[in-house]
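Nothing in this text is a laboratory measurement; each read-out follows from the coordinates by a stated rule. As the structure is a prediction and not an experimental result, all values here were calculated from the model. Quick reminder, even Gly has a Cβ in these numbers, built from the backbone with ideal geometry, and neighbours come from all protein chains shown.
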């Protein structure tokens, strides 16, 4: 049961990462931006696990678990911000949230 | 005997610490008596050490033993080591005291005369606002001075040397609300620091060549250049501390301090430390005979110059201060030609009669509402007879009239210059001229202040202390010192009996060139006494009988009143250039560079900030774009590098 070559997995991970990055760059809705971030993180996870299997090395899987934990925390903060913005009736458009302009 | 030395050293320190810790909790009188008691305990320790040294079995003759590390015990004394203080490789400095004839003699003088003067201070400083601080300082001074004379190696000596300078600074500036006192304290400190520095340099040379700072290291084989340099450095320290030309200008200004301080520090003990230093390190001075003769020459020069300046001073304390410089000049002359015992003997008698003169002057100043101008004091003897007679005893001892103390100690110094060579005759002439000047300025002071009918000023301002001339704590020490100034010289009368020379012989034997025949002694004594009396007679004719007019030589008078323009010259040579250099640096460096850097730095930062802040758009997506581009850049860089 070898399954597809590791290159395929890496390719899928790259595509997923590209979609995520593009989402972060061009979408303006805060929720979608967060979603795209998750996509990028999981693309990373996929690549880690694929290579972990390829090299018979467990370290990659451990990394993936760590990334998940961090992703969960990040989502907590991100969604918390979205809820806070919503409560104040602020726009969820990232381009209008430019208070910190120098 | 070492127990006595430790007791002697530590008692004043304990007194200081008690007064300092007690602070304002202590009653004023208690602080005063603590200081006095601690110094008298030190005197007890000194006596203990003295009898210890006296009964110690004489170690084999030959003076100091050759250099060894650790240091051997010097002849006729004991080196007591508490612990190793400093250690660096093979170089060690132990914390040690040296108890030998020379140090016990100094211990007795410092703690004995010191005790009397501290007792006198109780009356003199009574009702001063900061009495306790005064007594803490003065006990600390006695501790420092004892450390100086008891120190068992050169570093301990230097520590004591520095600490007496510090306590002298603190006590000169004791009345710190007077700006003149603060200036005088600074002047004394700076000039002494110069001497400390030359001493330290000498010690560095010594360490470099012998790897040791014990007294025995001085007798190690050194090249003549090294010996000369070391001796010169030590002489620099001695000259600064003892106010000899060319570093003498601080001593007259130091009279800004309280009078007991002038008596203790600037007459009896600290300023004579230079004489002690030369006697203690005479081994190196014998190696560097030229330097030793320079010391004698400076002494001879100072004794004449200071005697001349004393002739025109009008402040009672300044006259005595110049007289102190002049007498220390005699001591330098004595130890410089090689008669160490002569110098030390004069140091001892001088401590008696000069402390006495200062303290009687203090009685007068105290009774006249702090007036120090002798032109206002005429006829003081009528109202202060005790002060008058005690002052007379001191004055006669200073002039060297037999049987007062100065006669026995000054004449051998003058005589000892006779056999050393042609320059000896110059020294001899200086000594004789000095004797004449001493008689003249001392009795000028006497005739101006004491005899005759009281002047209106004295009548108006004189106030007694409960019917006496001062508190008993002031009168008793003055009385004791008057007795000592009268009989203190009888200990030694060369060439008939010389116990002090014999006592010091194991440590600092008189050089053979400084030994003179009995005829030379007697003739010198006769000449010196006659010349001194001639000075007295001239003073009598000028200032009492007014038969001889004061010579009006405007040039000379101006020269003397400006103290030979030493202060002015130093201002021109050192102070002036230093100030112009500082002003120049401020103009050329500080104002344009140091002070301008701060604003410049701020403006540059602001300008850069306003430039850089443009990239801070506040748009999240711009940041992400930068991030992505950065990541892509890193990846590309790796790929290319591969």
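Shielding by partners for peptide B:611-620, expressed as the average number of C-beta atoms from other protein chains within 10 Å of each residue's C-beta, is 4. Note on B:624-632: average number of Cβ atoms from other chains within 10 Å of each residue's Cβ is 2. Note on residue B:615/residue A:59: beta-carbon distance plugged into 1/(1 + (r/R0)^6) with R0 of 41 Å gives a FRET efficiency of 0.65. For region B:402-534, averaging the sequence separation of C-alpha pairs within contact (under 8 Å, six or more residues apart) and dividing by the residue count gives a relative contact order of 55 percent. Here the convex hull built on the C-alpha positions of the protein assembly as shown has a volume of 299 cubic angstrom per residue. Look at where the Cα atoms of region B:594-618 and of region B:115-130 average out, and the two centres are 64 Å apart. The alpha-carbon positions of region B:161-220 define a convex hull whose volume is 66 Å³ per residue. Distance between the 7 Å Cα→Cβ label points at residue B:497 and residue B:559: 4.6 nm.
Per residue of chain B, what 222 nm ellipticity follows from adding -39500 (n - 2.57) for every DSSP H run with n ≥ 4, rounded to the nearest 500? Mind dumping the intermediate values first?
Working: 27 runs with 428 residues, N = 642.
Estimated from H runs of four or more residues: -22000 deg cm²/dmol.
Residues considered: A:22, A:90, A:48. Largest GNM mean-square fluctuation over chain A, using C-alpha springs under 10 Å, is found at A:90.
Under a Gaussian network description of chain A, with springs only between Cα atoms under 10 Å, the residue in A:87, A:27, A:53 that fluctuates furthest is A:87.
In what sequence do B:128, A:95 fall when counting other Cβ within 10 Å, fewest first? Don't skip to the answer; put the middle values down first.
Values: B:128 15, A:95 12.
Exposure proxy ranking, most exposed first: A:95, B:128.
Given 20 °C and 1.002 mPa s, how large is the Stokes-Einstein diffusion coefficient of chain B in µm²/s, with Rh as the Kirkwood radius over Cα pairs? Diffusion coefficient, whole number: 81 µm²/s.
Picking from A:52, A:36, A:91, which is most flexible by a Gaussian network model of chain A using Cα springs under 10 Å? Largest GNM mean-square fluctuation: A:91. Would you mind calculating the relative contact order of chain B from Cα pairs under 8 angstrom and at least 6 residues apart, reporting the percent as a whole number? Contact order relative to length: 12 percent. Between the Cα long axis of helix A:30-54 and the first principal axis of chain A there is an angle of about 10°, rounded to the nearest 10. Counting neighbouring beta carbons within 10 Å and listing from fewest to most, the residues A:8, B:85 come out as A:8, B:85.
In chain A, the alpha-carbon atoms span a convex hull of 118 Å³ per residue. Over all projection directions, the Cα-based convex hull of region B:465-554 averages an area of 11.7 nm². The angle between the Cα long axis of helix B:595-612 and the longest principal axis of the Cα atoms of chain B comes to about 10 degrees, rounded to the nearest 10.
Cβ-to-Cβ counts within 10 Å put B:304, A:82, B:99 in ascending order as A:82, B:304, B:99, the fewest first. The Rg/Rh ratio for region B:129-176, using Cα coordinates for both the radius of gyration and the Kirkwood hydrodynamic radius, is 1.07. Using the Cβ-Cβ distance between residue B:87 and residue A:89 with R0 = 56 Å, the FRET efficiency computed as 1/(1 + (r/R0)^6) comes to roughly 0.10. Averaging Cα coordinates gives a centre for region B:526-545 and one for region B:352-367; these two points are 23 Å apart.
Rounded to the nearest 10 degrees, what's the angle between the helix A:6-26 long axis and the longest principal axis of chain A, both from Cα atoms, 0 to 90? Result, in degrees: 10. The value for region B:72-153 of Rg(Cα) / (2.2 N^0.38 Å) is 1.44.
Here the average projected area of the convex hull drawn through the C-alpha atoms of region B:256-355 stands at 5.9 nm². Spatial offset of region A:32-67 relative to region B:148-208 amounts to 76 Å, using the alpha carbon center of each.
Both radii come from the Cα set of region B:566-641: Rg as radius of gyration, Rh as Kirkwood radius; their ratio Rg/Rh reads 1.54. Values of log10 I(q)/I(0) for region A:1-55 across q = 0.14, 0.16, 0.17 Å⁻¹ run -0.40, -0.49, -0.53, by the Debye formula with one identical scatterer at each alpha carbon and no solvent.
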